[in-house]
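Asker: Here it is: the structure, laid out below.
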Amino acid sequence: MSIPFVDLRTQYEALKENIQCRINNVLEHGQYIMGPEVAELESRLSVYTGAKHCITVSSGTDALLISLMALGVGPGDEVVTTPFTFAATAEVIVLLGAIPVFIDIDPLTCNIDVTQLEAAITSKTKIIMPVSLYGQPSDMDEINAIAARYGNIPVIEDAAQSFGADYRGKKSCNLSTIGCTSFFPSKPLGCYGDGGAIFTSDDSIAQTCREIRIHGQSKRYWHTRIGLGGRMDTLQCAIVLAKLERFDWEVAQRIEIGSTYNKMMDELGVERVRQKADRTSVFAQYTVLIENRETLQELLSLKGIPTAIHYPVPLNEQPIYRGYGLAIDTPVSTAVAKRVLSLPMSPDASEIINHVWAGLREALEHVSHDCESNR
Ligand SMILES: *Cc1c(COP(=O)(O)O)cnc(C)c1O
């Protein structure tokens, strides 16, 4: 029995008719760039998150880049963020000549450790950029409060993994100045290619982002700022619209499967990423912390159970970022990166998690048996 790490096939089978109908509509009207589905999706997602504006863009990475450009980030500016994330988070900072200031993470949630935030703020701090890792928002109220105290530093939530998550009665992407998400196929709300979105309730930031998205034009062929070609395709917007049909069910499933996994891991005595009580995780990844990771991965793979590592090396220890980031000691990130292991997870995974659990139990027994016989 071989199982997928992310099951997009079952989702496609369930939504086939709607997806094909939506795609067909686009082929019929032929407005491949900025067609009516773009505005329709933006309006649906703005209602869903509660943010006044949604600006769809070409990817999650471009959502972050355009947001930083809109907030005027440039050479020498500092952006406080986490090193325990996907490279895109820091990449966009460096692309603009700014400096990522990496602060350490909370070992329980693997999100930014807010108790370290104030010490990292200087007169050059331009943005604070927490990541809602694995689908769970950071301590956004505390981060926003600190940002306000230091002269209203804008806060950008990298919500590429957390679209659909709740935090104290609000939705991820609507928790700070700007929220950025990704529609990469394997994210909680995915398209069939690249796509992303920027959320904000600030009219002027929204307008700036819209202009940057189309080469900095304030009107056709009138360029008032430096921009880029950052639009999301009409076809990809149509696919996300079709996927909204069962998105609420999918989020509920993710939460349910995550909590079943939690119980299973507690039973096995396996340490896991923790979720706080005042928020939900949409479990873009279901992640445990273990020893002997490579051996366990191999044993699971022999049983047809795929796993992944998010992420094996913190960004401040990556060859290229060592030279760019400010040197801050992040021992928790270093330690956690050696132990994290993500298990198969998707809204349609409820049939397979028993199999994953049994495989993991056998693999753990195998490893502990090997350790004993080596003594
Ligand atoms: C996926 C991801 C991104 C980038 O999104 P793309 O759509 O792939 O460009 C940025 N940040 C985090 C935390 C991500 O997981």
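Asker: Looking at (1) more than 30 Å from residue 121 (Cβ to Cβ); (2) touching a Cys at 6+ places or on another chain (Cβ under 6 Å); (3) polar (S, T, N, Q), which is the one condition that is false for residue 25?
Answerer: (2)
Asker: Go through (1) in contact with a strand residue (DSSP E or B) (Cβ under 6 Å, 6 or more places away or on another chain); (2) crowded, with 20+ Cβ neighbours inside 10 Å and name the single condition residue 208 misses.
Answerer: (1)
Asker: For segment 226-270, which residues satisfy the criterion of being among the β-branched types (Val, Ile, Thr) and without any contact (Cβ under 8 Å) to a residue 60 or more places away in the chain?
Answerer: 255
Asker: State whether one or more residues within segment 210-223 are under 22 Å from the mean Cα position of the chain (by Cα), assigned to a helix (DSSP H, G or I), more than 17 Å from residue 55 (Cβ to Cβ) and of a type outside the set (A, V, I, L, M, F, W, C).
Answerer: The answer is no, given that none of the residues of segment 210-223 is under 22 Å from the mean Cα position of the chain (by Cα), assigned to a helix (DSSP H, G or I), more than 17 Å from residue 55 (Cβ to Cβ) and of a type outside the set (A, V, I, L, M, F, W, C).
Asker: Residue by residue through segment 276-303, note down the ones that are charged (D, E, K, R) and without any contact (Cβ under 8 Å) to a residue 12 or more places away in the chain.
Answerer: Selection gives 294, 298.
Asker: Within segment 31-39, is there a residue that is outside any loop (DSSP other than H, G, I, E, B) and hydroxyl-bearing (Ser, Thr, Tyr)?
Answerer: No; the residues of segment 31-39 include none that is outside any loop (DSSP other than H, G, I, E, B) and hydroxyl-bearing (Ser, Thr, Tyr).
Asker: Are any residues in segment 142-158 touching a Leu at 6+ places or on another chain (Cβ under 9 Å) and farther than 18 Å from residue 202 by Cα, and if so, which ones?
Answerer: 142, 143, 146
Asker: Something else about it: Within segment 224-261, track down each residue that is of a type in the set (A, V, I, L, M) and not in a helix (DSSP H, G or I).
Answerer: 226, 228, 232
Asker: Taking the criterion of being hydrophobic (A, V, I, L, M, F, W, C), modelled with pLDDT of 95 or more and in contact with a helix residue (DSSP H, G or I) (Cβ under 7 Å, 6 or more places away or on another chain), would at least one residue in segment 248-257 satisfy it?
Answerer: Scanning segment 248-257, I find at least one residue that is hydrophobic (A, V, I, L, M, F, W, C), modelled with pLDDT of 95 or more and in contact with a helix residue (DSSP H, G or I) (Cβ under 7 Å, 6 or more places away or on another chain), so the answer is yes.
Asker: What are the residues in segment 262-284 that are farther than 21 Å from residue 308 by Cα and in a loop (DSSP other than H, G, I, E, B), if any?
Answerer: Within segment 262-284, 276, 277, 278, 280 qualify.
Yes/no per residue for (1) closer than 23 Å to residue 253 by Cα; (2) outside the structural domain of residue 367 (by TED's automatic domain parsing); (3) exposed (fewer than 15 other Cβ atoms within 10 Å of the Cβ); (4) hydroxyl-bearing (Ser, Thr, Tyr):
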{"residue": "291", "(1), (2), (3), (4)": "no, no, yes, no"}
{"residue": "294", "(1), (2), (3), (4)": "no, no, yes, no"}
{"residue": "307", "(1), (2), (3), (4)": "yes, no, no, yes"}
{"residue": "314", "(1), (2), (3), (4)": "no, no, no, no"}
{"residue": "320", "(1), (2), (3), (4)": "no, no, yes, no"}
{"residue": "336", "(1), (2), (3), (4)": "no, no, no, no"}
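Asker: Mind listing just one residue for me: the one in segment 71-128 that is without any contact (Cβ under 8 Å) to a residue 40 or more places away in the chain and not in a helix (DSSP H, G or I) and, of those, nearest to residue 274 (Cα to Cα)?
Answerer: Here the answer is 111.
Asker: Of the conditions (1) at pLDDT 95 or above; (2) more than 15 Å from the ligand (Cβ to nearest atom); (3) among the small types (Gly, Ala, Ser), residue 218 fails just one. Which one is it?
Answerer: Among (1) at pLDDT 95 or above; (2) more than 15 Å from the ligand (Cβ to nearest atom); (3) among the small types (Gly, Ala, Ser), the lone unmet condition for residue 218 is (1).
Asker: Within segment 46-92, track down each residue that is away from the ligand (no atom under 15 Å from the Cβ), among the hydrophobic types (A, V, I, L, M, F, W, C) and either at pLDDT below 95 or more than 30 Å from residue 335 (Cβ to Cβ) (or both).
Answerer: Across segment 46-92, the qualifying residues are 47, 51, 54, 69, 70, 71, 73.
The values are calculated or read from the model by the stated rules, or taken from the named source; none is laboratory data. These numbers come from a predicted model, not from an experiment. When we count neighbours, we look across all protein chains shown, and the Cβ atoms used for this are built from the backbone with ideal geometry, even at glycine.
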